[in-house]
Structure formats: structure tokens, C-alpha cells
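The values are calculated or read from the model by the stated rules, or taken from the named source; none is laboratory data. Predicted model only: the values in this text are computed from it and were never measured. Every residue, glycine as well, gets a Cβ built from its backbone with ideal geometry; the counts of neighbours run over all protein chains shown.
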Amino acid sequence: MKLTHTLKQYKSERLNQMHNLMSEKAATYNSILVIDQHKMVTNGMRLIAGSLFKQFHVAHDGAAALSKALQYVPELIIIDFFLPDIQGDALVRQLKYKLPSTKILAYSFSYTPDTIIKMLKCGVNGYVIKKDEDEEFINAIHLLMQDRDYFCKEARLHIINRFTTSTDDYAIKHIIANSQFSGKELELIRLLCKQMNSKEISTHLHLSERTVEQYRSNIMRKVKAKNLAGVIKFAIQNGVLMLEDL
């Protein structure tokens, strides 16, 4: 009887070990912190994206979020603009200062221009609206974890509209002729603005992925852009791309 119990216990432990091992293999990234005041939202996000991460942390207000971010140092933070004790942009500024290498994705019901621009200016790496499809949300996560930016189409349009009429210091003011772009670079700018990845661009332009990355680096340097939003602003302001092309 004791032997049977021992065998059952052994099998149970082995199954748990195998399950944990499979979970670790399935996880693509290490850790994530989701900041949203609604438990239903965080639970839903755990179901959608939880398997991508070995550690999934949740906070429902700014104070808890800052504490957990400093404790766990997540690779990715997903944050809503509306929190019970602080606005999302103010919290992002604190998080960026404390954890400069952590990627931050804004994920909100709000798609008003003011909200999106506030989150852009405070340094988020991407913006996705909660009404968008789950596939777009997952795609945004993968792109940010690949050290790229992702702004959904509505966010991009608001960014473009904001900066094509801007007169403040945040606007980019360059002339294509003075920047000495090659025809290949201008075509690559158009493809970047359409959020094509390096593999897709390499196929489209018949270049190696390494060459595409070199072009990308040169373009970012020439337009003095830190992210995709900066490249889009430059392209629209200088007639490289039209709004209807996005």
C-alpha cells in the first residue's frame, strides 16, 4: 500500500516537472508587468499573452505598479492611460527614469489625440487601442520585444496630424534635398512607415536583412528620429509619404 502511494506521488511530481519544463520552453520572454485598474482586463491579458512570458505580474494602480516594476524589473510593461491614482503618462516618465531599458506599451480604450500624444511624448514604445484585435496586440508585444516600436493605425494618424501642423520644438524640420537620401533609402522609409519588418523589406527590395538594418540605422540618424513615430513625421512633412499610403 505504501509502495503504491509512493509511486503515485512520484508520477505526480514527474508530471508537474514536465508541465513546468514545457511551460518554460513555450515562454518566449522572461517577464511582463501589466498595469490596469480593471481586474477583468488584466485577467484577459493573462489569457491572451501570459504564455509568452515566464513571469506575469499585475498592478492595479500607480503606487503598486512602481513598486512591482522596481522589484521585478520586467522586460515589458503594458499600461493603461487611466489609473485610479495617477495618469499613465506621469507614471511612464517615472518608469522610464527608473528602468530605461524596459519597453513600455500603452494599451487603452482611449484613442483621443491628446491621450496618444501625451503617451508618445513621455516615451512609450508603442500604442494599441483595446478595441483592436488580439492579433494586433500580440504583434505589438513581439515587435517591442524585438527592440522595435509599434503604433496602431489610429495612433499613427493622430501622431501625423499633430506634427504636420506643429510649430513647437518637438516637430522635425528637415529638407529631403539637404539630407542627401538615395532613392533606395526613400523607398525604405516608405516601407518602414507601413511597419514592414526587415525580412519583408529585404524581400521587397531584393536586399539582405543585414543591408536593410544598415539602411534603417542610417535613416534614423539622418532624420534624427528615435523611433518609428519620428520617421513617420519626417516622411509626411517632407512629402516622402502621403496619409492615404498608410
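In this structure, is Ala106 of a type in the set (A, V, I, L, M), surrounded by 23 or more Cβ atoms within 10 Å (Cβ to Cβ) and modelled with pLDDT of 90 or more? Against the criterion (of a type in the set (A, V, I, L, M), surrounded by 23 or more Cβ atoms within 10 Å (Cβ to Cβ) and modelled with pLDDT of 90 or more), Ala106 qualifies. Of the helices (runs of 4 or more DSSP H) lying entirely inside the range 44-142, not one is found with 3 or more residues being of a type in the set (Val, Ile, Thr) and in contact with a strand residue (DSSP E or B) (Cβ under 7 Å, 6 or more places away or on another chain). Just to be sure before I move on: is Phe137 modelled with pLDDT of 85 or more, buried (at least 20 other Cβ atoms within 10 Å of the Cβ) and farther than 20 Å from Met220 by Cα in the structure I sent? Criteria met by Phe137.
Note on the range 71-90: among residues that are modelled with pLDDT under 95 and over 15 Å from Lys130 (Cβ atoms), the one that is surrounded by the most Cβ atoms within 10 Å (Cβ to Cβ) is Asp89. In the set Val34, Val128, Val73, only one residue is in contact with a Ser or Thr (Cβ under 6 Å, 6 or more places away or on another chain), touching a residue at least 24 places away in the same chain (Cβ under 8 Å) and aliphatic (A, V, I, L, M); that residue is Val34.
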